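S.K.: What follows is a single structure, and I will ask about it in a moment.
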Amino acid sequence: MAEGVRVEPDLNFIKFLKKAGGDSMKKCFQCATCSVVCPLSSDNKPFPRKEMIWAQWGLKDKLVADPDIMLCHQCGDCTAYCPRGAKPGDVLGAIRAYAYTHYGFPSGLAKLASNGRNLPILILLPVIIIGLLWLISGGAHIPDAETMRTVGFGHFFGHWEFPWLAKNVAFIDAIFLPAVAFSVFAAYKGVKSMWDAMVEQVAPESDFRPSARQFLVDYLYPSVVEILTHKRFNECGANKDRVKGHLPLLLSFIALFAVTNYGFIRKDIIGIFNPAMHGPIPLYDPFKILANVAAVALLVGMAIIWANRSRLEEEQGAGRTFYDWFLIGEIVTVGVTGFGAEIVRLLGIPSLAYFLYFIHLVSVFMLFFYMPYTKFAHMVYRTFAMAFERFRDSNFVNPAVTDDE
Amino acid sequence: MDKNIRAYICTGCGIGEALDIEALSEVVSGEMSTECKTHEALCSAAGRAMIDGDINEGVNTVVIGACSPRVMQDEFNFGDDKISVRANLRENVVWCAGEDADAEYVQEQAADYMRMACTQADKTELPEAFQLESINKRILVMGGGIAGLTAALEAADAGYEVEIVEKSDALGGKAVNWRKQLPTRAPWNDLEEPSIGDLIKQVESHSNIVVKTGTEVARISGEPGEYLATFKASGTKSEWDAPAKVGVDEQDLIDKGEMEDPNAGLQHYMAANEAGEKFGSVVLATGWIPADVSGYEHLGHGKIANVVTNAQFEAMASKGKITRPSDGKPVESVAFIQSPGGEEDDKDFPYCNSVTSLVALKQAMFVREDNPEAKAYVLYQHMRTPGQMELFYKTAQNDDGIFLTKATVTGVEDKGDGSLMVAARNTLLNEDLLLDVDMVVLAAGMVPTTHDEATINLAYRQGPAFLDLELFDGYADSNFICFPYETRRTGVYACGGVRKATTMEETVDDATGAALKAIQCIESVDRGVAVHPRSGDKTYPEFFFQRCTQCKRCTEECPFGALDDDEKGTPKPNYTRCRRCGTCMGACPERIIGFKDYNVDMIGSMIKAIEVPDDDDDKLRILALVCENDAYPALDMAAMRRHKLNNLVRFISVRCLGSVNMVWIKDALSSGMDGVVLLGCKFGDDYQCHFVKGSELADRRMENIGETLGSLGLEPERVAVRQVAITDYDTIPEVINEFVEEIIELGPNPFKGF
């Protein structure tokens, strides 16, 4: 029998992609204009032309193990130049959405979080968890303005004190530490599956693998640096403005991550010895200043991203998908409720402040808990795909010395 | 007609500045004894008024020395009872002179054109149209498929009586076995319910249409306007079957008993069947048959039950859900193979074109229609979806379960349980593929019915079939681009699958065109004028049979089979089959064939009218006989672009190089001219000759004359044929110059001055 790859198109995969923003993918007629304009494309791998026909043919195994899918940051050049309106950029977005679901762990939750129809469930889950804990914590009443001025949201989950930890802090930790830990573990599982699948594609029989140090120093660290500098983003043609939104957003996340850790150390650790640390961080505290600057940066970044996305949809006809807008919605909610709760607290309107604070907790929970399955997952998948790209170009995959030489 | 000739020279468009008009007028009035007037713009109202005034005083033959005969035709047409001859001073002399032209040479050129035009006027007679004694205006349509039915309906709606002859027992042709048909209207996305039923009903209820099913044409004799058709029941033999061609040599052998008569038992081709039916013209719509694709071993057609052709697949699909032929299992996946692949690689199956591409897409949709989970693979080397069909292609492409790729199919294998494995390389997926499918459908192309059989079954001396169809892979057409629907037989118009592999939509266009052509033919015959391409030409070849030697060159060489033999073996012209190219006139060694306004004597006299200086080695004279259809317009266009044309050359336009009689070459050389070049159309595979064979025949005749010249001590190189396309206006000056250089190299004609 003749040699070749047995091909079995997956119609369900095609249906998924069409729904997730890739409805135009079948229009591609393989002219390769996209590969000519794409900065990621090389002579040997006409990206994203080959991905387009794989998508048309429903070859999902090939696509999810293709690092280029993750390396694409949707600059939109291919979509802008496509003579057929096949919108390769959108199709790649849909493929990524599929990949996050495909690698997502546990798969039931991944499927739940990737479908817009499940949005009520996705919201209800943290609302119930946080609401229930609020009710049973005994803090379920609105404080007067005076109390709020001194303790802020410190009594949200009640003000009964453990000897070593504020009850409020304990509840927050009890909710968010497991949630984040679960999310990190799930992300690890997903990235691991992706990495293995990718290795299978490029070097299935390699006896060599990098050491942990090599991995961190040679592959992961340069990738992180590249991400921070937004090097590839700046190569964007059609959507150069996106860096103006994404960069402040990324930096604000880093700043808020630092502030959160500062708060954790100050309140949860130092607070054990000095209960005075439990109250709101004063506005003059450098970290508080950083937090507020970051909050503004986040909101400005999101406004730009929102505008860009809308323009993309209007002018270039990009699809309006749950995948894109769920993440935008989540982050905007986190920013608006977080910053809003702080302002309303300072204005001394406890009921509204509590309401905003509650929504803030719910949205933060959603952002992190669903991270491995939503567009937010690009944070880990893309980072590791970039690391993989360096691995792929290394001598592990391309031995410099062969037996012939 | 008693001629009263007057010549007019126009001084507009630069003619007056470039020439000594007074001297030129003197040539006409003196040497040619013709009164000559000049005007600054002959084509203007004032110019015409001057001529009209003279006509009122009795002038009936006008020589116009002005622009090309290709322009201002209405301005210089003074009515059917007047003769108007043109001397092309503008394009052939002034505009092509070049900036550094020697005025003396240019003046001589102009004088020669005036001499020739005056001679031509002297030798031209007014034509009288040829009328058949009786004419039948019914149209015979052969074939009752979409093409035939549409042609019949169009002609019938236009008021003509039509008879459809269909070989099979029912009307409808291939279309009655379609599940659905390709889109024929906007938005060009969706398959349509077949419209053939409607069409059949319209035809059957039309009062102008008679339908004969189960009937074949045994033979068609006669000529446009009075064709005589004999019919017979399909599949039977008849004494009236069209006889094969028997040439003079074959007839000799038959008479000596050395060869079997291929027409034994058949009526002679000239015999008239009393029981035949009369028609004015014929529409040939006999369609196509699917090509045989069983020759491709690696694809397994004919060996593997589940490998079928597109025609077989369509038949299966029209009967209901598509199932595997081997075991009746409903199909879940089908591979449509458009090109044989294997060693053939890039080639398609024979007779494939856009239609097979579109049919593959249509049938892929059938697969998807029957089962939403089914998969249809289309493996092609060329996907052709021209025009609006691109929209249909897009629809098919957008279907989740239709998978398209360019591919070289290397094999189809039976896996034992009825399912098949298709192997393909060089795919767009950049990988060699293996596909598991239930069925494989091969794109069998559309072979025209004229490929294997005469089909039209004419009782002509040149035989029952169209000639030289191998040039068109068997398709019945004479000149595809310039003259659609026309065949090599005047009065017979082809449409649909017998002319080209067409979609239904194209077929309808085709059939309408062919019906119009059939009507044009009948009406032209009725008026006694040529049908095409010289539409409306009243002249026709006249034969002086007393001097005919029955050599039959005219009969053999006529590209349109216009000549039969009478009882005595003398050529019998059928004037309504004739296209007036004059090939017979060119062929005739006795020079007994000619037209009223175009004959051997006329052109010969024009050649002799050219003044050949016999004492000047620089003033060589070269005759160019130029095809009026392509080369002459190319010369005009070259002049309009002010390209310089060599002024030693004298151009004479001819109807077709096929009409060039060898005696003209002799006339030229014996009058001291130094060379003769024939400028005609390309011939061979992609011929551009309006009359199909003219330039090719001329080329062959020139080879023969070369030998004669050699025996006279003249270099054969003095006579040549050059192929020129109408678009060659930029290169034609060079073509001419090269020839002139060759003649200069040879030196003057040694017979000059004798």
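Each value in this text was obtained by applying a stated rule to the coordinates, not by laboratory testing. Keep in mind that this is a model prediction, so the values were computed, not measured. Note that we place each Cβ from the backbone using ideal geometry, even for glycine, and neighbour counts take in every protein chain shown.
S.K.: Lys/Arg Cβ at +1, Asp/Glu Cβ at -1, dipole of the stretch B:298-444 taken about the Cα centre: which of B:395, B:326, B:379 is farthest positive-ward?
M.R.: Among B:395, B:326, B:379, the one farthest towards the positive end of the dipole of the stretch B:298-444 is B:395.
S.K.: Hey, another quick one. Skipping prolines and chain starts, which residues have an amide H placed within reach, meaning under 5 Å, of the one on residue B:564, given they are 5 or more residues away or on another chain?
M.R.: For residue B:564, whose amide H was placed from the backbone, the distant partners under 5 Å are B:572, B:574.
S.K.: Fully extended, how many nm does the chain gain between residue B:3 and residue B:425 (0.36 nm per residue separation, minus their Cα-Cα distance)?
M.R.: Once the chain is fully extended between residue B:3 and residue B:425, it gains 144.1 nm.
S.K.: Select from A:212, A:70, A:118 the residue farthest towards the positive end of the dipole of the protein assembly as shown; place +1 on Cβ of Lys and Arg, -1 on Cβ of Asp and Glu, and compute about the Cα centre.
M.R.: A:118
S.K.: How much of the DSSP beta bridge set in the stretch B:1-126 is antiparallel, as a percent to the nearest 5?
M.R.: Antiparallel bridges: around 0 percent, rounded to the nearest 5.
S.K.: Report, in whole Å, the centroid distance computed from the Cα atoms of the stretch B:15-84 and the stretch B:252-268.
M.R.: 60 Å
S.K.: Before rounding to the nearest 500, sum -39500 (n - 2.57) across all DSSP H runs of length at least 4 in the protein assembly as shown and divide by the residue total; then give [θ] at 222 nm in deg cm²/dmol.
M.R.: Taking each H run of at least 4 residues, the total per residue is -12000 deg cm²/dmol.
S.K.: Using the Karplus equation 6.51 cos²θ - 1.76 cosθ + 1.60 (θ = phi - 60°), what ³J(HN,Hα) coupling, rounded to whole Hz, does each residue of the stretch B:284-300 give in order, writing x for Gly and Pro?
M.R.: Coupling constants for the stretch B:284-300: 9, 9, 7, x, 9, 10, x, 5, 7, 10, 7, x, 8, 3, 5, 9, x Hz.
S.K.: Would you look at the GNM of chain A, springs on alpha carbons closer than 10 Å, and say which of A:15, A:189, A:87 moves the most?
M.R.: The residue that fluctuates most here is A:15.
S.K.: State the dimensionless ratio Rg/Rh of the protein assembly as shown (Rg: radius of gyration of Cα atoms; Rh: Kirkwood radius).
M.R.: Here the Rg-to-Rh quotient is 1.16.
S.K.: For chain B, report the % of Cα-Cα distances exceeding 43 Å.
M.R.: Percentage above 43 Å: 42.
S.K.: Given H placed 1.01 Å from N in the peptide plane, which residues other than close sequence neighbours of residue B:219 have an amide H under 5 Å from its amide H?
M.R.: Hits under the 5 Å cutoff: B:230.
S.K.: If amide H atoms are built 1.01 Å from N in the plane of the peptide, which residues on other chains or at least 5 residues away come under 5 Å of the amide H of residue B:594?
M.R.: B:542
S.K.: Here's another thing I want to ask about it. If the only charges are +1 at each Lys and Arg Cβ and -1 at each Asp and Glu Cβ, what is the size of the charge dipole of the stretch B:230-367 around the Cα centre, to the nearest 20 debye?
M.R.: My answer is approximately 1120 debye.
S.K.: So, one more: Explain nothing, just the number: dipole magnitude of the protein assembly as shown about its Cα centre with +1 on each Lys and Arg Cβ and -1 on each Asp and Glu Cβ, in debye rounded to the nearest 20.
M.R.: So the dipole magnitude of the protein assembly as shown works out to roughly 6720 debye.
S.K.: I would also like to ask the following. Please report, in debye to the nearest 20, how large the charge dipole of the stretch A:116-392 is about its Cα centre when each Lys and Arg carries +1 at its beta carbon and each Asp and Glu carries -1 there.
M.R.: Here the stretch A:116-392 has a charge dipole of around 220 debye.
S.K.: In percent, what relative contact order does chain A have, based on Cα pairs under 8 Å that are 6 or more apart in sequence?
M.R.: Reported as a whole number, the value is 23 percent.
S.K.: Convert each backbone phi in the stretch A:77-90 into a coupling constant with the Karplus relation 6.51 cos²θ - 1.76 cosθ + 1.60 (shift: θ = phi - 60°), then list the ³J(HN,Hα) values in order as whole Hz, x for Gly and Pro.
M.R.: Running phi through 6.51 cos²θ - 1.76 cosθ + 1.60 with θ = phi - 60° gives 4, 4, 5, 5, 8, 4, x, 10, x, 7, 6, x, x, 5 Hz.
S.K.: Exceeding 19 Å between C-alpha atoms, which entries from my cross-link table qualify? They are A:26/A:60; B:619/B:752; B:167/B:237; A:26/B:375; B:538/B:608; B:82/B:123.
M.R.: Too far apart for the 19 Å limit: B:538/B:608.
S.K.: Test of understanding: extend the Cα→C-beta vector of residue B:413 to 7 Å, then name every residue of the stretch B:290-330 with backbone N under 16 Å from that spot.
M.R.: Counting backbone N atoms under 16 Å from the label point, the list is B:298-300, B:304.
S.K.: Would you work out which of B:483, B:352, B:155 lies farthest towards the positive end of the dipole of chain B, given +1 charges on the beta-carbon of Lys and Arg and -1 on that of Asp and Glu, about the Cα centre?
M.R.: Result: B:155, furthest along the dipole toward the positive end.
S.K.: With no solvent and one point per C-alpha, what does the Debye sum give as log10 I(q)/I(0) for the stretch B:298-444 at q = 0.13, 0.17, 0.22 Å⁻¹?
M.R.: -0.50, -0.89, -1.57
S.K.: When the Cα centres of the stretch B:671-712 and the stretch B:303-359 are compared, how far apart do they sit, in Å?
M.R.: Rounded to whole Å, the Cα centres lie 50 Å apart.
S.K.: Over chain B, what relative contact order in percent results from Cα pairs under 8 Å that are six or more residues apart?
M.R.: Once normalised by length, the contact order is 12 percent.
S.K.: Take chain A, mark every one of the chymotrypsin sites (Phe, Trp or Tyr not before Pro) that falls in a DSSP loop and has at most 13 other Cβ within 10 Å, then report the longest stretch left between them, sites excluded.
M.R.: A:1-159
S.K.: Could you work out the pair-distance distribution P(r) of the stretch B:542-592 from its alpha-carbon pairs, with 5 angstrom bin width and percents rounded to whole numbers?
M.R.: Calculated P(r), rounded to whole percents: 5, 24, 37, 26, 9, 0.
S.K.: Per Stokes-Einstein, at 4 °C and 1.567 mPa s, what whole-number D in µm² s⁻¹ belongs to chain A, with the Kirkwood radius over Cα pairs as the hydrodynamic radius?
M.R.: 56 µm²/s
S.K.: Then there's this: Considering only A:128, A:95, A:304, give the residue with the highest GNM mean-square fluctuation for chain A, with springs between Cα atoms whenever their separation is below 10 Å.
M.R.: A:128
S.K.: Lysines within cross-link reach of residue B:517: Cα-Cα under 16 Å, excluding same-chain residues under 8 positions apart?
M.R.: Counting by Cα, and skipping residues close in sequence, residue B:517 has these lysines nearby: B:137.
S.K.: Pairs of alpha-carbon atoms within less than 8 angstrom and 6+ residues apart define the contacts here; what relative contact order does the stretch A:11-103 have, in percent?
M.R.: Reported as a whole number, the value is 39 percent.
S.K.: A follow-up question, please. From the phi of every residue in the stretch B:706-723, what ³J(HN,Hα) in whole Hz does the Karplus formula 6.51 cos²θ - 1.76 cosθ + 1.60 yield, where θ is phi - 60° and glycine or proline is x?
M.R.: For the stretch B:706-723, the Karplus-derived couplings read x, 5, 4, 4, x, 5, 8, x, 9, 6, x, 5, 5, 10, 8, 10, 10, 8 Hz, x marking Gly and Pro.
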